[in-house]
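The values are calculated or read from the model by the stated rules, or taken from the named source; none is laboratory data. Note that the structure is a prediction, hence the values are computed from the model and not measured. Note that each Cβ is placed from the backbone with ideal geometry, even for glycine, and that neighbours are counted across all protein chains shown.
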Amino acid sequence: MSISLILPLILLAAACEQSSFPTTSEETEFSNSETTAFTAGLESAKISGQVAAQLAEVRRLTAPYHDHQIAAEDGWFIPLSPCVENPDLGGMGYHYGNSEYLGDGIHEPLKPEALLYEPQKNGKLRLVAVEYIVPFGEPETVGGAPVQGDQPFLFGQGFDNSPHVGPLGSWTLHVWLWRNNPSGMFAAYNPKVSCDFAF
């Protein structure tokens with residue numbers, strides 16, 4: 001299925017998402033612009049219709065988690081990091097993990113291991129992305145060099161090798177579903193995200 005055929009369905013799903021959040025005009029304006037950016041990001045990344053449908057489902061699943069309290073009640077309550085930012089690449093924000101999914105070694109579209117939140121000036125957290133995390137496990141050694149096994153793929157994207165995530169390192173994949181990322185929907189850092197208001 002081509003992206004041009006599925007875009008109307010994504011826009012319809014996005015309109016339905018907006019009915020459950022947010023409540024202020026500023027947040028509604030943000031939501032509308034991010035939905036437009038999301039669909040533009042799908043087109044610019046040349047994402048297939050099948051992957052676009054999967055991403056729309058992840059957006060539908062995570063829409064209630066703009067309210068961090070609801071995310072925590074549904075399992076994403078484990079703080080995995082302080083607010084993460086790189087002066088040259090941008091930010092990631094705070095990572096909150098789900099204990100049911102962390103460490104299970106499985107990467108399923110509707111079971112992201114972490115939700116990423118950017119701190120806002122008003123003290124609230126804004127949902128910006130999801131992250132999939134697959135631990136390396138015990139590395140094998142070949143010729144004295146550690147081998148971390150096969151690189152996982154999801155949404156047609158290879159996971160990043162992240163040796164500092166988890167006790168033994170992990171494969172990670174960021175998906176910027178809720179904050180447009182000029183570096184790409186699947187880039188690790190987003191130059192539009194900052195920790196300026198970290199607490």
Practice problem: Only residues that are assigned to a loop (DSSP other than H, G, I, E, B) and of a type in the set (A, V, I, L, M, F, W, C): list them for the stretch 161-189, please. | Solution: Val165, Leu168, Trp176, Leu177, Trp178, Met185, Phe186, Ala187, Ala188
Exercise. Return the total of residues in the stretch 78-92 being assigned to a strand (DSSP E or B) and closer than 23 Å to Phe136 by Cα.
Key: 4
Quiz item: Scanning for something buried (at least 19 other Cβ atoms within 10 Å of the Cβ), under 15 Å from Leu127 (Cα atoms), modelled with pLDDT of 90 or more and small (Gly, Ala, Ser), does the stretch 44-58 turn up at least one residue?
Solution: no
Exercise. Among the numbered conditions (1) free of Cβ contacts under 8 Å to residues at least 40 places away in the same chain; (2) assigned to a strand (DSSP E or B); (3) over 19 Å from Leu173 (Cβ atoms); (4) not hydroxyl-bearing (Ser, Thr, Tyr), tell me where Gly97 comes up short.
Key: (3)
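Yes/no matrix, rows are residues, columns are (1) within 11 Å of the chain's Cα centre (by Cα); (2) within 15 Å of Ser194 (Cβ to Cβ); (3) crowded, with 20+ Cβ neighbours inside 10 Å:
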{"residue": "Gln69", "(1), (2), (3)": "no, no, no"}
{"residue": "Glu73", "(1), (2), (3)": "no, no, no"}
{"residue": "Trp76", "(1), (2), (3)": "no, no, yes"}
{"residue": "Gly97", "(1), (2), (3)": "no, no, yes"}
{"residue": "Tyr101", "(1), (2), (3)": "no, no, no"}
{"residue": "Pro119", "(1), (2), (3)": "no, yes, yes"}
